[in-house]
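Let me begin by handing over the structure; questions about it come next.
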Amino acid sequence: MSVFTRSQADREALLLPELVDLTAHHRAHSEGYDRILSSLGIASDVAFGSIADLPWLPVRMFKTHDLKSVPDSEVFKTLTSSGTTGAGASRIYLDKEAAGAQTKQLGATLQEVLGNERLPMLMVDTIGIIKNRRSFSARGAGVLGMANFGRKHTYVLDENDQPDVEAVKKFLAEYGDKPFLIFGFTFMVWLYLYEVARDNDLDLSNGILIHSGGWKKLIDRAVDNTEFRRRFKEDTGLTRIHNYYGMIEQIGTVFLEGPSGNSLYCPDFADVVIRNPETWEEQPVGEPGVIEVVSTLPRSYPGHVLLTEDLGVYNGIDDGDWPGKHFSVLGRLPKAEARGCSDTFSGAAA
């Protein structure tokens with residue numbers, strides 16, 4: 001069952017009532033969330049006319065505040081993000097139901113490009129990243145989460161973080177003649193898979209690559225998404241490539257690149273709003289702004305409408321590979337601007 005079916009009008013009509021209910025649910029069950037909304041002057045009986053009207057939280061609030069909508073006794077899993085900006089790590093609380101829902105919906109989203117079978121899987125990482133379960137990094141969590149969708153896992157890097165060319169050759173000899181899954185973070189995929197495959201003349205044409213993690217490190221090498229796809233196709237035969245955008249603060253929801261590339265799409269239970277950083281109004285197609293991500297998945301914590309610290313742009317609405325809005329991520333907001341977005345709220349949340 002595809003989760004990329006809803007036109008923008010259908011999505012708006014179907015998701016808005018759910019999101020309004022979720023907002024009320026979180027106000028009733030999270031004192032901190034209710035306090036934030038009250039201090040912003042948002043009455044509990046206010047009517048919201050569209051998804052873009054819903055109140056958002058800056059994503060960095062989860063670094064500074066403990067926000068959950070379940071009693072402590074029902075917390076089944078606590079996730080922490082990488083604290084790269086020095087502002088500490090986000091803490092995300094899941095109860096059993098929420099943990100199950102996020103795994104299920106991530107699976108449904110990826111099924112769109114992977115099909116129903118668990119495929120043999122090349123992991124562009126080292127097994128060491130998931131060995132220490134106690135100090136789990138965001139990267140380790142990503143690798144472990146994706147491992148569920150494959151079988152016969154082969155790690156591209158050895159214990160010393162060096163490419164294990166023989167292991168990759170052995171994997172391709174065994175599984176390379178049928179569809180197989182490749183997963184990794186964008187920079188590592190380029191460095192440790194593309195360059196190794198090119199230099200060793202490896203055939204990746206039956207692969208399906210799922211990758212994420214931003215382009216910052218590749219811009220120095222003059223590699224953007226178009227170049228990434230072109231070089232993989234020309235030098236390794238790999239054409240089924242899907243970047244995705246997601247974050248631990250909205251776990252289970254990923255915005256997936258369509259088959260023709262260069263645009264990310266919302267699954268049916270999610271949406272995106274691009275906001276003007278001066279007026280906070282929604283931007284038209286083609287005008288960059290701050291990305292807000294919206295999802296009906298977060299029930300155990302108030303993460304259903306989040307303002308990110310990323311810049312993005314709508315590429316179109318209902319005119320791409322799949323229905324709904326499709327967009328690109330242009331990079332991180334400059335630090336000062338990102339702080340400005342959340343400073344609007346710091347008085348409210350005190």
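The values are calculated or read from the model by the stated rules, or taken from the named source; none is laboratory data. All values derive from a computational prediction rather than experimental measurement. All Cβ positions, even for glycine, are placed from backbone atoms using ideal geometry, and neighbour counts span all protein chains on display. We work out accessible area using only protein heavy atoms, side chains counted, and drop any ligands, DNA or RNA first. Shrake-Rupley method; radii C 1.70, N 1.55, O 1.52, S 1.80 Å.
For the stretch 290-304, give me each residue that is within 17 Å of Gln8 (Cβ to Cβ) and outside any loop (DSSP other than H, G, I, E, B). Full working, then the answer.
The first filter runs over the stretch 290-304 and keeps only residues within 17 Å of Gln8 (Cβ to Cβ), leaving 291-296.
Of everything in the stretch 290-304, those that are within 17 Å of Gln8 (Cβ to Cβ) and outside any loop (DSSP other than H, G, I, E, B) turn out to be Ile291, Glu292, Val293, Val294, Ser295.
Something else now. Based on what the data block shows, is Phe180 hydrophobic (A, V, I, L, M, F, W, C), open to solvent by 10 Å² or more (accessible area, probe 1.4 Å), under 24 Å from Leu218 (Cβ atoms) and assigned by the TED database to the domain that holds Ile219?
When the stated conditions are applied, Phe180 does not pass them.
Further question on the same structure: For Val3, state whether it is surrounded by 16 or more Cβ atoms within 10 Å (Cβ to Cβ) and not in a helix (DSSP H, G or I).
yes
Of these, Thr344, Thr279, which one is at pLDDT below 90, farther than 24 Å from Ser7 by Cα and not hydrophobic (A, V, I, L, M, F, W, C)?
Working: Thr279 fails: at pLDDT below 90.
After applying the criteria, what remains is Thr344.
Where in the stretch 165-263 are there helices (runs of 4 or more DSSP H), lying fully within it, with 2 or more residues that are out of contact with any Cys (no Cβ under 8 Å at 6 or more places or on another chain) and without any contact (Cβ under 8 Å) to a residue 24 or more places away in the chain?
Those helices (runs of 4 or more DSSP H) span 165-175, 195-199, 225-236.
A further question follows. Given the criterion open to solvent by 30 Å² or more (accessible area, probe 1.4 Å) and out of contact with any Asp or Glu (no Cβ under 8 Å at 6 or more places or on another chain), identify the matching residue among Ala222, Ala270.
Ala222
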